[in-house]
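Undergrad: Here it is, the structure in full.
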Ligand SMILES: Nc1ncnc2c1ncn2[C@@H]1O[C@H](COP(=O)(O)OP(=O)(O)O)[C@@H](O)[C@H]1O
Ligand SMILES: [Mg+2]
């Protein structure tokens, strides 16, 4: 479902030097698969998710989702592609402050295909246990509740792939497991592939597949060569 | 959920700044609206005056002076024309083409209001504002055989507090302080408001005028006044209705060829006067209003642009949810348009509201009654005008939204 091939991403730093962040020969995730992605802070996890979502462009390499290579698409098409097929859950929730819980979900639909499906939005909010808070603004919600709304929003357009960037890091300890179960449960129900970045061993331990970025990213400081391919 | 709603919400997010922006835009638009409405009012009241007849025949001299005197009862008195020349219009060579010719005699006032000596036909044969007939709010028209009767325009009546049956004495000249004639006139009627300068004048029987002068001339032993005492010798002007537009031109040219008098079309002179005096002023005021509106537009730009750094993150989130660059750019543009249009609506409200509050005063001064919802057609350009302005001032912040680096803005926490 997801295939990264020879993906290279560097950043030009303020002093003009080049910072290599990602150099990934190959990386795959199958449809409906759930992956925990771990690695120390600053190793490029968020950057990798951005590349997969088409939020940022790699310097070179392929990002194939199903049969589409989004690096070949014009930007506007990538935006539409992302809206239709990729859900994103942020560490800091990133709900839009001016909109109610329900509107946040609807807005995501609006950006995708223009026609908000209210029934699905309500169903999703119900699924994440937020049906009693649909008209609340983000400021009126607890952190746990915010993330639950964010999960509903990420699933609004029936994505094939959900990218979750440390979704429990900012949630109080008591609700972390709840959020985790919610994300994994809904992804399973809707057959959504999941890549979840996490720092927590406790979270990672619950996944069958745990990928260490350092093990497949040649730019990583602690890159350990596992295969024998080296250029 | 439409993009308009998204734009609206972000306006709501910054309610105070948005409200101030709308207010400043509103004041600019209010000024434009007020100028347009006042211009309309002044224009109407100006043009109305000369709409009841085709020609004014008066002494040779400035045409503006003649019109100001006979239509608006303003300016310095003009010379007179011989009564015999007036008779050319009624029984002489021009008579066949003339439908009505009403003599008017100026030179007196009552408490500052012009006293006009005329004949009762002034209110029966002449119309005002095109085709409206004069009507009396109280009493009736004066009779030609009752020399010392008079009727009052509505404003003159209200201001002088004269009622039907009460006497008043004309004062010589156009201001207060002239010689007061001893013989009083009696009010027999008060006209309904017409919205023309007639409202601000006092009308008396022309023969009464003549009688006063003759009587006083006899007392003072003026030989000339004594000489020809039963005939009116001269009048100030004649208000003439002709049978057709073609006849108007013919008579006008013929009179202007004669050495005795001039004939002018009041409507044309008024239009020229208006353009000359009020027209230029209007452009200046309108320019100021438009400038104010543009400055308010720049205020919108500044307020949105200032908010961009706070919103970069939010814009990046929208982009991450799948909104295109064009979409986030549109949202900003719409925000600008909404602010401008709300300012426009507020401006219309303030502008028309203020004029409406002043409408009793305007009605009294000009006779033009302005309703709250009396829009000038030209105000319609406000809508496209404001949208264009909003698009222009929204462009810069919209481009900032368009260029937002999503990846970087997402990494920096809000
Ligand atoms: N826009 C950018 N410009 C320059 N450097 C960046 C940019 N984005 C990320 N980086 C750098 O790339 C590295 C990887 O960042 P990130 O992907 O956020 O790490 P992680 O999510 O694993 O903590 C960091 O060293 C970070 O400073
Ligand atoms: Mg990160």
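The values are calculated or read from the model by the stated rules, or taken from the named source; none is laboratory data. Predicted model only: the values in this text are computed from it and were never measured. Glycine gets a Cβ as well: all are built from the backbone with ideal geometry, and neighbour counts include every protein chain shown.
Undergrad: Take the range A:66-86 and flag every residue that is touching a helix residue (DSSP H, G or I) at 6+ places or on another chain (Cβ under 9 Å), outside any helix (DSSP H, G or I) and either within 16 Å of ligand 2 (Cβ to nearest atom) or farther than 19 Å from residue A:197 by Cα (or both).
TA: A:66, A:68, A:73
Undergrad: Exactly one of (1) in contact with a helix residue (DSSP H, G or I) (Cβ under 7 Å, 6 or more places away or on another chain); (2) more than 14 Å from chain A (Cβ to nearest Cβ); (3) in a helix (DSSP H, G or I) is unmet by residue B:349. Its number?
TA: Here residue B:349 clears every test but (1).
Undergrad: Quickly run through the range A:192-213 and pick out the residues that are more than 14 Å from chain B (Cβ to nearest Cβ) and within 16 Å of ligand 2 (Cβ to nearest atom).
TA: A:195, A:196, A:198, A:199, A:200, A:203, A:204, A:211, A:212, A:213
Undergrad: Of these, B:84, B:18, B:24, which one is within 14 Å of chain A (Cβ to nearest Cβ) and more than 23 Å from the chain's Cα centre (by Cα)? Lay out the reasoning, then the answer.
TA: Details: B:84 fails: within 14 Å of chain A (Cβ to nearest Cβ); B:24 fails: within 14 Å of chain A (Cβ to nearest Cβ).
Going through B:84, B:18, B:24 in turn, just one is within 14 Å of chain A (Cβ to nearest Cβ) and more than 23 Å from the chain's Cα centre (by Cα): B:18.
Undergrad: Restricting the range A:12-23 to residues that are within 16 Å of ligand 2 (Cβ to nearest atom) and under 22 Å from residue A:64 (Cα atoms), which is surrounded by the fewest Cβ atoms within 10 Å (Cβ to Cβ)?
TA: A:21
Undergrad: Moving to a separate point now. List, please: which pairs have Cβ atoms under 6 Å, are six or more places apart or on different chains, and start with a residue in the range B:301-330 that is facing chain A (nearest Cβ under 7 Å) and end with one that is modelled with pLDDT under 90 and part of a helix (DSSP H, G or I)?
TA: B:321/A:111; B:322/A:111; B:322/A:112; B:323/A:111
Undergrad: Here's a follow-up. Taking the condition within 16 Å of ligand 1 (Cβ to nearest atom) and more than 26 Å from residue A:183 (Cβ to Cβ), does residue A:69 pass?
TA: no
Undergrad: Additional query: State which residue pairs qualify: first residue at negative phi and touching a residue at least 40 places away in the same chain (Cβ under 8 Å) and inside the range A:33-50, second residue part of a helix (DSSP H, G or I) and within 10 Å of ligand 2 (Cβ to nearest atom) in any location, beta carbons under 6 Å apart, and separation of 6 or more residues or different chains.
TA: Taking only residues 6 or more apart or on different chains, the pairs are A:37/A:45.
Undergrad: Can you name the number of the only condition in (1) more than 16 Å from ligand 1 (Cβ to nearest atom); (2) away from every other protein chain (no Cβ under 11 Å); (3) crowded, with 17+ Cβ neighbours inside 10 Å that residue A:64 fails?
TA: All conditions are met except number (3).
Undergrad: Just to check your reading of the model, which residue among A:89, A:21 is touching a helix residue (DSSP H, G or I) at 6+ places or on another chain (Cβ under 9 Å), near ligand 1 (Cβ under 10 Å from one of its atoms) and within 22 Å of residue A:212 (Cα to Cα)?
TA: A:21
Undergrad: Taking residue B:45 and the conditions (1) buried (at least 22 other Cβ atoms within 10 Å of the Cβ); (2) farther than 23 Å from residue B:210 by Cα; (3) out of contact with any strand residue (DSSP E or B) (no Cβ under 8 Å at 6 or more places or on another chain), which numbered condition does it fall short on, given that it satisfies the others?
TA: Residue B:45 satisfies every listed condition except (1).
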